[in-house]
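Read the figures in this text as sums done on the coordinates, not as results from a lab. Everything quoted here is computed from the prediction, not taken from an experiment. FYI the Cβ positions are ideal-geometry reconstructions off the backbone, even for glycines, and counts take in every protein chain you see.
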Amino acid sequence: MVMKKGTRRKTDRARYRGAGLILCVLLLLIADAWSAETRWNVQVREGQVRSAPSFLAKIVARTSYGEWVTPIQDQGAWKKVKTNAGVQGWMHVSALTTKNLALRAGTTNRRTSATGGEIALAGKGFSEDVEKQYKNLNRNLDYTWVDRTERFRVSPEEMQAFLKRGELAPAEGGAQ
Amino acid sequence: MNKNLWYRCLPLIAVLSLASCQTMETVADVATVIGQGTGAISASQANSIRRTTKAVSRSAEDFTPEQEYYIGRSVGAVVLSKYKPHDILAVNQYVNVLGQTLAQASDLPQIFGGYHFLVLNSDDINAFATPSGLVFVTRGLLRCCRNEDDLAAVLAHEIGHIERRHGMAAIEKARITEALTTIAVEGAKTLGSREVAQLTRTFGGAIGDITNTMINKGYSRASEYEADGVAAALLRRVGYDPNGLLEMLTAMKRNLKPGGLDFAKTHPAPDDRIAELRKSGLGRTDVRPAAARQKRFQQILGRI
């Protein structure tokens with residue numbers, strides 16, 4: 001009799017644990033969905049926050065890779081966001097992701113939102129260090145022209161002048 | 001595993017199967033911690049669940065943009081070990097202004113390190129686009145272009161490969177799992193020299209997968225037609241004549257040497273690409289760019 005009572009209590013406890021587990025996981029899912037909607041991660045090396053939804057608009061702030069921004073408004077392929085520093089402006093949606101880059105491997109500049117464990121993950125994966133090791137193993141590879149090519153930069157103003165001089169008229173939504 | 005344990009793990013399994021890949025990892029991590037804490041699963045079972053959920057959710061998409069960038073840089077270095085750059089500033093500047101203007105109008109204007117273009121000093125008819133946004137075009141391919149619209153078509157096709165991530169898709173699945181497992185399963189531990197060496201080997205393997213596809217095997221026909229489709233749309237969007245693509249392919253057909261190790265080997269025959277483009281309404285090979293546009297093209301690339 002006593003044994004049976006004990007077993008029932010054990011089963012009840014297991015049920016409570018099971019229910020608790022469901023509750024926790026559901027809350028977690030809701031929280032995850034909510035944060036995906038409310039925060040976006042900058043996925044380019046240098047994110048530009050502009051005064052209007054156009055590449056020609058003035059840059060009002062710069063954000064770094066892995067920094068979280070809060071979306072305020074959508075307009076086509078642009079999002080009005082608020083940065084960590086509290087600046088509001090427009091970013092092109094291709095510079096943003098809902099993926100949490102801080103939880104994934106990478107390098108240095110995402111200190112702002114990462115916890116201790118996340119920072120420990122930073123620097124893992126295919127990074128500058130791995131490139132260095134790879135270079136050491138492949139002495140025939142020369143990165144001089146890779147670096148030089150990456151230095152060819154064209155400003156939005158130059159692009160605009162190029163289009164105008166070439167008598168090119170971008171369609172609605174293009175090039176801007 | 002007793003019946004009770006199954007019962008306790010059931011909600012966990014149900015939730016995992018419903019969740020998306022990325023969410024799944026986070027949820028799995030936390031749920032296994034809870035499971036462990038309540039005594040439902042042991043530490044080794046928890047680790048095994050973590051490893052399994054990580055392994056099944058792996059794809060090239062799981063590499064961060066920063067990792068894609070480093071992969072692309074080394075792919076670029078491999079291309080540049082086979083081809084020398086055409087070191088003429090005016091030519092490279094012109095190709096960059098045109099290429100970056102097109103890229104900015106594409107559906108993927110912003111990538112980790114931006115788009116950058118370089119002309120290669122070779123008579124081969126060839127072009128390469130790395131996942132990091134480096135685009136290489138040979139002088140031989142530039143000679144297939146009679147005007148800026150044709151050149152825009154060449155660059156737009158390469159931007160198409162980047163936009164649709166064809167390079168990253170060339171990395172073998174097993175290698176992706178291997179790389180991301182080394183990175184993630186090791187967790188918050190500091191990577192030792194053995195892990196770094198392992199990661200460097202995997203990195204080299206991924207570079208090999210991409211360069212072998214780009215330089216030797218070529219992308220699938222479907223990927224090439226897809227890049228042509230992106231190019232035609234992009235040309236229209238910026239104001240170029242999309243028939244430039246057709247005109248360029250017609251010239252390429254004349255210039256390609258049968259049995260060559262360039263586009264002749266890695267791309268569908270120009271005729272097949274032309275036939276595919278005709279289905280989408282392109283048909284002319286008499287592109288007439290504005291006089292000012294033709295003048296600058298002739299000035300810079302007239303004797304390439």
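With a simple spin-label model that places each label point 7 Å from the Cα along the Cα-to-Cβ direction, the separation between B:R254 and A:Q88 comes to 5.9 nm. The listed peptides B:98-108, B:125-135, ordered by packing as a protection proxy, come out as B:125-135, B:98-108 (highest mean of other Cβ atoms within 10 Å first). Placing R0 at 25 angstrom, the Cβ-Cβ distance between A:R62 and A:R151 gives a FRET efficiency of 0.85 after rounding to 0.05.
Here the gap between B:D123 and B:R194, fully extended at 0.36 nm per residue and compared with their Cα-Cα distance, gives a gain of 21.2 nm.
Taking label points 7 Å from Cα along the Cα-to-Cβ direction, B:L89 and A:T70 give a separation of 4.8 nm. In summary, the aspartates and glutamates within cross-link reach of B:K257, defined as a Cα separation below 14 angstrom excluding same-chain residues under 8 places away, comprise B:D123, B:D124.
If Lys and Arg each add +1 and Asp and Glu each add -1, what is the summed charge of the other residues whose beta carbon sits under 13 Å from the beta carbon of B:E226? With Lys, Arg at +1 and Asp, Glu at -1, the neighbours total -2.
If you take all other residues with their beta carbon under 11 Å from the beta carbon of B:L282, and give Lys and Arg +1 and Asp and Glu -1, the sum is +1.
The length gained on full extension between A:R15 and A:T38, counted as 0.36 nm times the residue separation minus their Cα-Cα distance, comes to 4.8 nm.
Under a point-charge model restricted to the Cβ atoms of Lys and Arg (+1) and Asp and Glu (-1), what is the dipole moment magnitude of region B:262-304 relative to its Cα centre, in debye to the nearest 20? Write out the running numbers ahead of the final one.
Numbers: 10 positive and 5 negative charges, 70 e Å.
It comes to approximately 340 debye.
So which trypsin sites (Lys or Arg not before Pro) in region B:238-304 are both in a DSSP loop and have at most 15 other Cβ atoms within 10 Å of their Cβ? Could you put the intermediate results ahead of the total?
Working: sites: B:K253, B:R254, B:K265, B:R273, B:R278, B:K279, B:R284, B:R293, B:K295, B:R296, B:R303; in loops: B:R284, B:R303.
For trypsin sites (Lys or Arg not before Pro) across region B:238-304 that sit outside H, G, I, E and B with at most 15 neighbouring Cβ atoms in 10 Å, the list reads B:R284, B:R303.
Checking the Cα-Cα distances for B:K82/B:K217; B:K84/B:K265; B:K173/B:K217; A:K58/A:K82; B:K217/B:K253 against a 22 Å cut-off, no pair goes over it.
Grab the beta carbon distance between B:K265 and A:L27, set R0 = 41 Å, and tell me the FRET efficiency rounded to 0.05. The calculated FRET efficiency here is 0.15.
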